[in-house]
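What follows is calculated from the coordinates using simple rules that are stated; it is not laboratory data. Everything numeric here is computed off the predicted structure, so don't read it as measured data. So basically every Cβ, Gly included, is an ideal-geometry build from the backbone, and we count neighbours across all protein chains shown.
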There are 2 protein chains.
Amino acid sequence: MAAVDAEIIAFDVFGTLVDWRSSIAAALAGVGGRAGLEADWPAVADAWRSRYQPALARVVRGERPFQSLDVLHAEMLEEVIAEHRLQALGNTERRELVRSWHRLAPWPDAVPGLTALRARHILTPLSNGGIGLLTRLAKTAGLPFDCVLSAELAGTYKPDPRVYALVPAYFEVPAGRVLMVACHPADLQAAQRAGLRTAFVPRPREWGPAGAAPPPPAGVDLVAGDMTALAAQL
Amino acid sequence: MAAVDAEIIAFDVFGTLVDWRSSIAAALAGVGGRAGLEADWPAVADAWRSRYQPALARVVRGERPFQSLDVLHAEMLEEVIAEHRLQALGNTERRELVRSWHRLAPWPDAVPGLTALRARHILTPLSNGGIGLLTRLAKTAGLPFDCVLSAELAGTYKPDPRVYALVPAYFEVPAGRVLMVACHPADLQAAQRAGLRTAFVPRPREWGPAGAAPPPPAGVDLVAGDMTALAAQL
């Protein structure tokens with residue numbers, strides 16, 4: 001594998017940099033508890049997130065027009081509410097839950113790892129969250145990006161190749177000078193097809209303490225245990 | 001004038017946050033000197049910048065398609081080279097000069113002022129520079145933005161109203177919760193027409209030590225002597 005010489009590092013966010021499951025389960029427990037509800041809140045968080053890939057895939061396949069992730073999150077939440085009998089949640093609570101995706105806790109290594117990487121690289125998210133969501137999330141979590149790029153700017157979602165093409169286009173660099181970092185093999189495989197270099201950072205706890213990480217995808221350029229280890233490799 | 005309650009502060013960059021004239025004159029002197037040329041380099045910088053508004057206005061009026069500011073800067077530079085007899089500059093030097101707009105020195109108050117403002121607001125540039133240019137400029141200058149918005153995202157240039165509309169659209173806030181900060185009255189007047197709040201920060205030295213600032217535009221919400229004074233007002 002050739003040495004990686006990246007000017008720009010693009011990061012997946014949900015799962016790769018932030019622990020959405022703990023944060024969303026806590027938001028559900030807080031909002032649900034105020035509404036007098038009891039539930040297995042981590043399981044509700046998992047049910048919500050499980051609807052994510054199928055909903056976005058319909059946009060990528062052209063079966064529905066692009067709408068922001070906030071709109072899709074709100075739609076998915078309605079289904080989860082029906083399935084888990086959470087109808088006692090009012091509209092204000094539902095809006096608050098959709099907005100809780102704008103405030104997610106980073107994995108412990110994310111801020112120190114990105115801080116180290118930022119000394120010699122331009123850092124950007126490249127996420128399916130919108131510009132507003134990602135900016136608020138990065139500010140709350142303290143993630144030190146240099147700019148904020150989102151699938152929203154391509155009017156589609158990952159793994160559509162147009163999303164990955166945003167980074168070399170905006171920075172006027174060859175795709176091979178962009179490194180995509182993610183914990184999800186499909187994201188990295190799509191980045192590879194778009195000509196980007198790739199780094200796999202497994203997050204075995206993304207779906208909770210009983211979870212496991214998938215194996216590194218074939219052809220990945222780098223594998224690192226966390227973001228500080230990635231910074232040490234680059 | 002009603003109190004300004006802005007969640008997001010959008011900044012003009014060239015002139016408002018950075019001293020393009022000193023930086024471009026220094027770049028010209030360095031590149032030109034290596035090519036054996038002598039010239040009044042600040043005057044050459046002024047000649048280059050003077051072509052800026054007319055070139056961008058043709059795009060805003062629809063007389064030519066949108067192209068990045070780097071492309072327009074390169075075109076303007078060719079005219080300046082002919083006018084000032086700088087044909088000894090080679091293609092490599094010309095490209096280096098266009099790229100010098102990605103590395104401009106901030107005014108002394110810009111970094112401390114933005115650092116103070118960032119504690120309670122989301123900060124973004126809203127400039128005619130592209131995403132790549134602005135990201136590299138902010139990183140080099142140490143300007144602590146939370147994201148990077150550019151006229152490039154609207155496919156036009158300020159003062160086209162579609163540029164100002166980017167900020168409330170991406171952040172899903174009313175336009176009145178966005179504060180536009182600039183040293184150029186026309187920029188602020190266009191922001192007002194788009195419903196944004198406005199702050200005028202005069203930069204009398206933008207065009208050199210003999211310059212003077214225009215008076216504040218009518219209806220501006222705030223006037224501050226520099227960015228630290230603006231932070232104290234908000």
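Observations on the model:
- Among the conditions (1) out of contact with any Asp or Glu (no Cβ under 6 Å at 6 or more places or on another chain); (2) closer than 30 Å to B:E78 by Cβ; (3) within 12 Å of another protein chain (Cβ to nearest Cβ); (4) not polar (S, T, N, Q), B:G130 misses just one, which is (1).
- Against the list (1) under 27 Å from B:V98 (Cα atoms); (2) part of a loop (DSSP other than H, G, I, E, B); (3) out of contact with any strand residue (DSSP E or B) (no Cβ under 6 Å at 6 or more places or on another chain), the condition B:P215 fails is (1).
- Test: residue in region A:47-58 that is among the hydroxyl-bearing types (S, T, Y) and in contact (Cβ under 8 Å) with a residue 12 or more places away in the chain: yes
- Residues satisfying the stated conditions in region A:134-153, i.e. facing chain B (nearest Cβ under 9 Å) and either in a helix (DSSP H, G or I) or closer than 23 Å to A:G225 by Cα (or both): A:L134, A:T135, A:R136, A:A138, A:K139, A:F145, A:E152, A:L153
- Selection from region B:144-165 of residues that are crowded, with 24+ Cβ neighbours inside 10 Å and among the hydrophobic types (A, V, I, L, M, F, W, C): B:F145, B:C147, B:V148, B:L149, B:A151, B:V163
- Some residue of region A:155-162 being touching a residue at least 24 places away in the same chain (Cβ under 8 Å) and closer than 20 Å to B:L123 by Cβ: no
- For region A:177-195, the tally of residues that are in contact (Cβ under 8 Å) with a residue 60 or more places away in the chain, of a type outside the set (A, V, I, L, M, F, W, C) and not in a loop (DSSP other than H, G, I, E, B) stands at 2.
- Which numbered condition A:L222 misses (of (1) under 23 Å from A:R162 (Cβ atoms); (2) crowded, with 18+ Cβ neighbours inside 10 Å): (1)
- Region A:52-69, residues that are in contact with a helix residue (DSSP H, G or I) (Cβ under 6 Å, 6 or more places away or on another chain), surrounded by 13 or more Cβ atoms within 10 Å (Cβ to Cβ) and either within 14 Å of another protein chain (Cβ to nearest Cβ) or assigned to a loop (DSSP other than H, G, I, E, B) (or both): A:F66
- Test: B:R103 is touching a helix residue (DSSP H, G or I) at 6+ places or on another chain (Cβ under 9 Å), within 13 Å of chain A (Cβ to nearest Cβ) and within 17 Å of A:E172 (Cα to Cα): no
- Residue match in region B:87-104 (condition: in a loop (DSSP other than H, G, I, E, B), among the small types (G, A, S) and closer than 20 Å to B:L17 by Cα): no
- Checking B:L97 against (1) under 24 Å from B:V181 (Cα atoms); (2) away from chain A (no Cβ under 14 Å); (3) aliphatic (A, V, I, L, M); (4) in contact (Cβ under 8 Å) with a residue 60 or more places away in the chain, the condition it does not meet: (1)
- Restricting attention to region B:115-127, the residues that are more than 12 Å from chain A (Cβ to nearest Cβ) and either more than 19 Å from B:Q67 (Cα to Cα) or charged (D, E, K, R) (or both) total 3.
- Selection status of A:V173, among the hydrophobic types (A, V, I, L, M, F, W, C), surrounded by fewer than 19 Cβ atoms within 10 Å (Cβ to Cβ) and either outside any strand (DSSP E or B) or within 14 Å of chain B (Cβ to nearest Cβ) (or both): yes
- Single residue of region B:198-219 satisfying the filter (in contact with a Lys or Arg (Cβ under 9 Å, 6 or more places away or on another chain) and touching a residue at least 12 places away in the same chain (Cβ under 8 Å)) that is surrounded by the fewest Cβ atoms within 10 Å (Cβ to Cβ): B:G208
- Set B:P185, B:P112, B:P168: member being closer than 23 Å to A:L137 by Cβ and more than 9 Å from chain A (Cβ to nearest Cβ): B:P168
- Failed condition for B:L72, given (1) over 24 Å from B:L149 (Cβ atoms); (2) without any contact (Cβ under 8 Å) to a residue 24 or more places away in the chain: (1)
- Only listed residue being away from every other protein chain (no Cβ under 11 Å), in a strand (DSSP E or B) and farther than 30 Å from A:T115 by Cβ, chosen from B:T156, B:T198: B:T198
- Taking region B:142-158 as the range and being out of contact with any helix residue (DSSP H, G or I) (no Cβ under 7 Å at 6 or more places or on another chain) and either closer than 20 Å to B:C183 by Cα or β-branched (V, I, T) (or both) as the test, no residue passes.
- Within region A:25-45, the residues that satisfy the criterion of being closer than 23 Å to A:P125 by Cβ and out of contact with any Ser or Thr (no Cβ under 6 Å at 6 or more places or on another chain) are A:A25, A:A26, A:A45.
- Extreme residue, farthest from B:H73 (Cα to Cα), among residues of region B:103-120 that are surrounded by fewer than 20 Cβ atoms within 10 Å (Cβ to Cβ) and not aliphatic (A, V, I, L, M): B:R120
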